[in-house]
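Peer 1: Quick one: the structure is below, questions incoming.
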DNA sequence: ATCTGTGCAAATAGTTTGCATCCTC
DNA sequence: GAGGATGCAAACTATTTGCACAGAT
């Protein structure tokens, strides 16, 4: 099942009605490569109030259809949750590019921390900062 | 060498003058257990303007004497950089408590990602969210 | 004496809320 | 037709900036 179909289903089940603002935001996420900020979303959609964007983000996050990614500046990023494609981010401090990566070793290390700490882990964020290969070349 | 001594030295070398606001912020960090937000710092220090707090945080971060920790809400946290005591954070979503943890397995997984990605890693943030043991007990 | 650091207040940026209206069910 | 969804504008919170003045060197 595609993510947008899954999202619509979950939203319906949760009792939310379907309006045009929400539909447009969901569509945007469905086609997005990586994380988007609220303001990016707002500016890419015509005739949708900023408040509706935030309200929709809130609903989607609550249902775990999207998740917040702290990319470290002033604005928070949000991206589709796709359990089959769990990943983290590398942020280039020079050009701002966001690259996804995965690491089984990393995930198992995190699970181990959860076990030892006694915390019931719900989610985790891993953000690696540095300089991407292109910018390293440009600097040289 | 203690962190505050190291900090003063670095600040002097960087050409910054010493004023009372900065001194108080540095002292607060020297005695802090974990991350502090700008507003916490401002409220714990009498007669220091909020702007000076932010300006000082900016200087300290630039010199890598403190680092920003994205604890996920609206306010960013800052804490002392102590290479000998590198650690990450567990955040309890119920009571907000911040607990530090370390994991060699995690660190080596991150190094490996750096090597494979081609990024020159400068820093990284790992934030695990969940429910702390106390809150789990309280919920039961 | 000079020039940086500081405090205050105003300006900004991101996010949230109140409310009248529109549209889904 | 009723009640949630939406858009607009105003409110809020965290952070930044402009400026006059105090204080460090």
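Peer 1: Among B:122, B:109, which is under 24 Å from residue A:105 (Cα atoms) and either modelled with pLDDT under 90 or outside any helix (DSSP H, G or I) (or both)?
Peer 2: On the way: B:109 fails: either modelled with pLDDT under 90 or outside any helix (DSSP H, G or I) (or both).
Testing whether each residue is under 24 Å from residue A:105 (Cα atoms) and either modelled with pLDDT under 90 or outside any helix (DSSP H, G or I) (or both) leaves just B:122.
Peer 1: Say we look at region B:93-106 and pick out the residues that are within 7 Å of chain A (Cβ to nearest Cβ) and over 14 Å from the mean Cα position of the chain (by Cα); which of these is farthest from residue A:108 (Cα to Cα)?
Peer 2: Checked region B:93-106; the qualifying residue farthest from residue A:108 (Cα to Cα) is B:93.
Peer 1: Pairs please, first residue from region B:47-71 and more than 23 Å from residue A:125 (Cβ to Cβ), second anywhere and more than 12 Å from DNA strand C (Cβ to nearest atom) and assigned to a helix (DSSP H, G or I), Cβ atoms under 7 Å, 6+ apart in sequence or on different chains.
Peer 2: Pairs that qualify, where the first residue is more than 23 Å from residue A:125 (Cβ to Cβ) and the partner is more than 12 Å from DNA strand C (Cβ to nearest atom) and assigned to a helix (DSSP H, G or I), are B:53/B:38; B:54/B:38; B:63/B:10; B:65/B:7; B:65/B:10.
Peer 1: Any idea which of (1) within 15 Å of DNA strand C (Cβ to nearest atom); (2) touching a helix residue (DSSP H, G or I) at 6+ places or on another chain (Cβ under 8 Å); (3) more than 14 Å from chain B (Cβ to nearest Cβ) is the one residue A:65 doesn't satisfy?
Peer 2: (1)
Peer 1: Sort out which residues of region B:54-68 are more than 11 Å from DNA strand D (Cβ to nearest atom) and either more than 22 Å from residue B:5 (Cβ to Cβ) or not in a helix (DSSP H, G or I) (or both), and write them in order of number. Even if it seems obvious, please write down each step before you answer.
Peer 2: So the first thing to find is which residues in region B:54-68 are more than 11 Å from DNA strand D (Cβ to nearest atom), and the list is B:59-60, B:62-67.
Result: B:63, B:64, B:65, B:66, B:67.
Peer 1: Can you tell which of B:48, B:53 is over 30 Å from residue A:138 (Cα atoms), modelled with pLDDT of 95 or more, in the same structural domain as residue B:4 (by TED's automatic domain parsing) and surrounded by 17 or more Cβ atoms within 10 Å (Cβ to Cβ)? Please lay out each step first, then the result.
Peer 2: Working: B:48 fails: modelled with pLDDT of 95 or more.
Only one candidate passes the filter, namely B:53.
Peer 1: Answer yes or no: is there a residue in region B:9-17 that is crowded, with 16+ Cβ neighbours inside 10 Å and within 7 Å of DNA strand D (Cβ to nearest atom).
Peer 2: There is no residue in region B:9-17 that is crowded, with 16+ Cβ neighbours inside 10 Å and within 7 Å of DNA strand D (Cβ to nearest atom).
Peer 1: I've got another one for you. Only one residue in A:77, A:93 is within 14 Å of DNA strand C (Cβ to nearest atom) and within 26 Å of residue B:74 (Cα to Cα), so which one is that? Explain how you work it out, then say what you get.
Peer 2: Values: A:93 fails: within 14 Å of DNA strand C (Cβ to nearest atom).
After applying the criteria, what remains is A:77.
Peer 1: I need the full set of residues from region A:19-47 which are within 10 Å of DNA strand D (Cβ to nearest atom) and assigned to a helix (DSSP H, G or I), in order please. Walk me through it before giving the result.
Peer 2: From region A:19-47, those within 10 Å of DNA strand D (Cβ to nearest atom) are A:19-26, A:42, A:45-47; that's our starting set.
A:20, A:21, A:22, A:23, A:24, A:25, A:26, A:42 - these are the residues of region A:19-47 that are within 10 Å of DNA strand D (Cβ to nearest atom) and assigned to a helix (DSSP H, G or I).
Peer 1: Taking region B:1-18, which residues are within 13 Å of DNA strand C (Cβ to nearest atom), outside any helix (DSSP H, G or I) and without any contact (Cβ under 8 Å) to a residue 24 or more places away in the chain?
Peer 2: Correct list: B:15, B:17, B:18.
The values are calculated or read from the model by the stated rules, or taken from the named source; none is laboratory data. Keep in mind that what you see is a predicted model, and the values were worked out from it rather than measured. Note that we place each Cβ from the backbone using ideal geometry, even for glycine, and neighbour counts take in every protein chain shown.
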